[in-house]
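Student: The structure is given below, and queries will be raised subsequently.
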Amino acid sequence: MASAHDDIEAMVKFFDREKGYGFVRVSDGSPDAYLPAAVIERSGQGNLEAGTVIFCEIIPGQRGPEVSAIHYVDRPLSRLPH
């Protein structure tokens, strides 16, 4: 089923909750995108660890590509509870 938005797949490179931001590596080879804490909070996620795959929207920001919304989080299987 097609969605109303075109999700972009990206992997969290790092996220520092204290600093309030991180970066994601975009799967299509586009430049890395800035990941503000406010976007994570709006998505209902408490924190995103490095290696977590997200499906998101990316917009042009003041300093380059920026994640504007997270629609789905695909947590690595190794981190799921047993």
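Student: Mind giving me the nanometre distance, one decimal, between the label points for F14 and A50, set 7 Å out from Cα along Cα→Cβ?
Tutor: 0.7 nm
Student: Could you tell me the relative contact order of the chain? Use alpha-carbon pairs under 8 Å, at least six residues apart, and round to a whole percent.
Tutor: Reported relative contact order: 28 percent.
Student: In a shell of Cβ-Cβ distance under 13 Å around E9, excluding E9 itself, what net charge do Lys and Arg (+1) and Asp and Glu (-1) give?
Tutor: -4
Student: Let me ask something else. Mean projection of the alpha-carbon convex hull of the chain over all orientations, in nm²?
Tutor: 6.3 nm²
Student: Please give the peptides 48-58, 19-29 ranked by average Cβ packing (other Cβ atoms within 10 Å per residue), highest first, as a rough proxy for protection.
Tutor: With the highest mean Cβ count within 10 Å placed first, the list reads 48-58, 19-29.
Student: Taking the Cα centre as origin and putting +1 on Lys and Arg beta-carbons and -1 on Asp and Glu beta-carbons, what dipole magnitude results for the chain, to the nearest 20 debye?
Tutor: 260 debye
Every read-out reported here was derived from the displayed coordinates using simple, explicitly stated rules and does not represent laboratory data. Keep in mind the model is a prediction, meaning the values are calculated, not measured. Positions of Cβ are generated from backbone atoms using ideal geometry, with glycine treated the same way; all protein chains shown enter the neighbour counts.
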